[in-house]
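Here is the structure we will look at, set down as structure tokens.
The values are calculated or read from the model by the stated rules, or taken from the named source; none is laboratory data. None of the values given here were measured: they were computed from a predicted structure. Ideal geometry is used to build each Cβ from the backbone, glycine not excepted, and the neighbour counts take in all protein chains shown. When the accessible area is computed, the model is the full protein with side chains, heavy atoms only, and any ligands, DNA or RNA have been set aside. Shrake-Rupley method; radii C 1.70, N 1.55, O 1.52, S 1.80 Å.
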Amino acid sequence: MFTLIKNGDVYAPEHVGKKSVLLNGRLIIKIGDVDEAQLESLFDVEVIDAEGMIVSPGIIDPHVHLIGGGGEGGFATRTPELQLSNIVKAGVTTVVGCLGTDGTTRHMTSLLAKARGLEDEGITAYIYTGNYHVPTPTITSSVKDDVILIDKVIGAGEIAISDSRSAQPSVQEVAKLAAEARVGGLLSKKAGVTHFHVGIGKERLAFLRALIEDYEIPPANIYATHITRSKALVDEAIELSHRGAYVDITADDHTAEWIEYFKDNGGDLQHLTVSSDGNGSLPVFDDKGEMTGFGVATQELLFAQVADSVKNRDVPLHEALALVTLNTATALRFEHKGRVKVGMDADLLLLDQETLEINHVFANGQHMLKEKEVIVKGTFE
């Protein structure tokens, strides 16, 4: 099946200009002039007129609670599984699932099954092995073996540091885990990253600096999220980005402000990403560690805040798009994702040129969202 997207202004995420994009199956096979009449005389073709729209890569969301999360407020506060329609409406075409706090009533095998199910339904899905705690739950009893042997496992995470809910591990324990993830990645040609949940603790990113300085963990194998809990934490994340580690902002109502702050204070934008924490719990704790409030993260806020950084924070569109496409693909070594380029997976968004609203979504070449309406839903939706 061929799909021709014509008259769109292509951001790859760098600005390419007005060009046609031709898809065949799950791949982008041409960018540039296409003889529409000749193509239609030979093949069945879906033609999308993208006049007044931007063509960009699909969003890669590197931190999603696919089977739900939470539970810090008791069993009734365990959040639900994510549904395909919610992912598609958010413009997300690739997800990376994680467990979070609960590694007892949530299981790695369930997370793996959910990722495989989402792939059957049309999007690309990967997972981290583990949860907050060290030692961390795995499928094969080894972080390294999980990364090597299980196709969907790309690294370890989310491992909690600087947080009262962590297992309070030593730096040496965390270094051993990160080393296992890295070696697993080397042997299986995967990212082998360790994805760190950073809490509000006073140590902030000291653990991660120690991994680099004292244990020779390469900075590119360190990927820290939730970095906007405080200005001091962001400042440390800026320094860490210059060492070559990747840092990630969890989308909330202030994300556009933090993107601007990170950039204005010299952060390495190529090592910054934004994620949704989709369907994760958002507990609020007081200074005594008591939970005082509770919410649930949504994926739709992710691109809304990226768009807000363009419209209200003077972040250039190509830089903002890279935060949820190219940068994430680079951090996680997804060689066929994150770019509008011949030979890449046909994960594409068509955005209104004025409002940046998502009008169309293609995942692996399949039309999932058409004129803002979900046309491919999950099996039980």
Scope the range 201-246; condition of a type in the set (A, V, I, L, M), touching an Asp or Glu at 6+ places or on another chain (Cβ under 9 Å) and closer than 20 Å to Gly185 by Cα; matching residues: Leu208, Ala224
Among residues belonging to the range 1-50 that are among the basic types (Lys, Arg) and touching a Ser or Thr at 6+ places or on another chain (Cβ under 9 Å), point out the one that is surrounded by the fewest Cβ atoms within 10 Å (Cβ to Cβ). Lys30
Can you tell me which residues in the range 243-257 are part of a loop (DSSP other than H, G, I, E, B) and either more than 14 Å from Lys231 (Cα to Cα) or within 12 Å of the chain's Cα centre (by Cα) (or both)? Gly244, Ala245, Ala251, Asp252, Asp253
Among the residues of the range 170-220, write down those that are closer than 20 Å to Leu99 by Cβ, open to solvent by less than 60 Å² (accessible area, probe 1.4 Å) and in a helix (DSSP H, G or I). Val174, Leu177, Ala178, Ala181, Gly184, Gly185, Phe207
How about the range 309-318: which of its residues are aliphatic (A, V, I, L, M) and either part of a loop (DSSP other than H, G, I, E, B) or open to solvent by 40 Å² or more (accessible area, probe 1.4 Å) (or both)? Val315
Tell me which residues, restricted to the range 242-264, are over 18 Å from Gly199 (Cα atoms) and touching a helix residue (DSSP H, G or I) at 6+ places or on another chain (Cβ under 7 Å). Arg243, Gly244, Ala256, Ile259, Glu260, Tyr261, Phe262, Lys263
Where the second residue is open to solvent by 10 Å² or more (accessible area, probe 1.4 Å) and of a type in the set (Ser, Thr, Tyr) and the first is at positive phi and lies in the range 122-142, which pairs have Cβ atoms under 8 Å and are six or more apart or on separate chains? Gly130/Thr136; Gly130/Thr138
Check whether at least one residue in the range 319-341 is in contact with a His (Cβ under 8 Å, 6 or more places away or on another chain), modelled with pLDDT of 95 or more, among the hydrophobic types (A, V, I, L, M, F, W, C) and open to solvent by 10 Å² or more (accessible area, probe 1.4 Å), and report yes or no. no
